[in-house]
């Protein structure tokens, strides 16, 4: 039964949202010695975590991952500080 003398007051409220990760990949992507931009098929809401794997690389190869954004990144492979053409696989994970 309703009582007009009782007033309910909400003093605190919180909630949590867990969205599924968006995972995008690229396999056997050719990267010229000068480097290349890589664009995602779908933009992220925040800059994602990106992992790079050089396919069949040589000793001394290093990947230079730059300009990470919600829409893509730039990648160059260097060996001894000099750009080299290589093949990479990449994985980007975020939301």
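What follows draws every value from the coordinates through simple rules; no lab data is involved. Just so you know, these numbers come straight off a predicted model, no measurement behind them. As a convention, Cβ positions derive from the backbone with ideal geometry for all residues, glycine included, and neighbour counts pool all protein chains shown.
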Most mobile of 14, 71, 58 in a GNM of the chain (Cα contacts under 10 Å):
14
Mean shadow of the chain, computed from the convex hull of its alpha carbons, in nm²?
10.3
Any idea how far apart residue 64 and residue 28 come out in nm if each label point goes 7 Å out from Cα toward Cβ?
2.8
Binned Cα-Cα distances of segment 1-47, short to long, each 10 Å bin given as a whole percent
14, 25, 18, 12, 11, 10, 6, 4
